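All of the numbers you see were taken from the coordinates with simple rules; none came from a lab. The shown structure was predicted, so the numbers you read here are calculated from the model rather than taken from an experiment. Cβ placement follows ideal geometry from the backbone for every residue including glycine, while neighbour counts extend to all protein chains displayed.
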Amino acid sequence: MTVTPTSADFRYALAPFIDFRDRQACERVRAISRDEITRHDNPDFRIAVIDDGQTFYRRFAEDLVGRIRDARDAGEQFVAILPVGPMPQYRIAAELINRERLPLSHVHTFNMDEYADEDGNTAPSTWVGSFRRAMWEHFFSLVEDDLRPPEGQIHFPTGATATTYSDQIAELGGADACYGGIGWCGHIAFWESHLAAEFDGLDDYLAAGSRVVDLHPMTIMQNALHSFGGDWSWVPPRAVTIGPRDIMGAKHRSLWLDGAIGGGVSWQRFIARLVAHGPVSTAVPGSILQLARTDYTLLGDVADDVTIQMA
């Protein structure tokens, strides 16, 4: 049985660990249908839905490779902030790069985050869950040696560079494109929802750069679900991440939401709506994207209506 959720007959407080507390906003965005989800008051915040998974990842890859190609043709460098998840687009991108013999000597990449232990020490590439390891296995090692960017132009955050990583990006003129997704609590990279409590206003929040953060409980569970076989004990407690300064300082933002787990279930349907159609709030980090030129692409399962499913 599938029913549309309503709170008219049962009122209750949100769980204490949830940072965004505006119930009316939650109810409003929850009711946004798939047919309505691509409409937005800001014409520069462009929402698209792609139903087919293969097409979704190919479009992601083509966007990245196209921007790399355009920069090469213009004789310019290309600086990209890259996520680890989703991953299928990177293999496609490597195939496109190799097929057309597209050199990446002008490309500088900055991975947006990396797991860290309780003391802020980032995971080594030898650890199976390392983002550095994942990027080399699924992207950089697949690009032919003579086409790959110089290793000194492939950057990953570490505990030692946590507070200077944003400066490294800024020294290159900021990112030309910031790619990424949206987490269950609304994060981009690992910039978590509970960090809102540290800032007095939006201006200070938007100026915040890279740092070590504690992972939100929802992030621990989300990553356990899609990366660690459901084992929350395997997910590290902290991370080094870029901040709003880096996201909003990019010339373009390209977000790709594919949070479907099969069987018609997606953990991302509600948060995709809250980020795109809720109020701009520091308690929903991704909502700041509404303030800037952004492409926001949803896999079809993510765009589907938010409903309660009872077997």
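Arrange the following residues from fewest to most other Cβ atoms within 10 Å of their Cβ: MET112, MET248, MET135.
With the sparsest Cβ surroundings first, the list reads MET248, MET135, MET112.
Have a look at segment 161-311 and give its Rg and Dmax from the Cα atoms, expressed in angstrom.
Values for segment 161-311 (Cα only, Rg and Dmax): 15.6, 54 Å.
Take segment 43-309, drop everything but the C-alpha atoms, weight them equally and run the Debye formula without solvent; then report log10 I(q)/I(0) at 0.09, 0.12 Å⁻¹ to two decimals.
-0.37, -0.69
With each label point set 7 Å from Cα along the Cα-Cβ vector, what nm distance links HIS226 and ALA74?
Roughly 3.0 nm, to one decimal.
Give the separation of the Cα centroids, segment 1-74 to segment 144-183, in Å.
Segment 1-74 and segment 144-183 have Cα centres spaced 26 Å from each other.
Only helical DSSP H runs with n ≥ 4 go in: add -39500 (n - 2.57) per run for the chain, normalise by residue count and round the 222 nm mean residue ellipticity to 500 deg cm²/dmol.
Using -39500 (n - 2.57) per qualifying helix, the result is -8500 deg cm²/dmol.
Using a Förster distance of 30 angstrom, determine the FRET efficiency expected from the C-beta separation of GLU36 and ARG91, and round it to 0.05.
0.35
At what distance in nm do the modelled label points of ASP204 and GLU62 sit from each other, each positioned 7 Å from its Cα along Cα→Cβ?
So the two model labels end up 4.5 nm from each other.
Rounded, prolate or oblate, given the Cα gyration tensor of segment 240-311, with a/c below 1.5 counting as rounded?
Since a/c reaches 1.5 and a/b is larger than b/c, the shape of segment 240-311 is classed as prolate.
Using alpha-carbon positions, what is the distance between the centroids of segment 98-137 and segment 257-311, in Å?
Each part reduced to its Cα centre gives a spacing of 26 Å.
Which of CYS178, CYS185 has the fewest other C-beta atoms within 10 Å, and how do the rest follow up to the most?
Going from sparsest to densest Cβ surroundings: CYS185, CYS178.
Counting other beta carbons within 10 Å of each Cβ, put LEU104, LEU96 in order, fewest first.
Ordered from fewest to most neighbouring Cβ atoms within 10 Å, LEU104, LEU96 come out as LEU96, LEU104.
Distance in nm between label sites at SER105 and ARG11, each 7 Å beyond Cα in the beta-carbon direction?
Modelled inter-label distance: 6.8 nm.
How do the peptides 145-157, 13-25 rank, highest first, by the average count of neighbouring beta carbon atoms within 10 Å per residue?
Put in order of decreasing packing, that is 145-157, 13-25.
What share of the DSSP beta bridges in the chain is antiparallel, in percent to the nearest 5?
Antiparallel bridges make up about 40 percent of those DSSP assigns within the chain.
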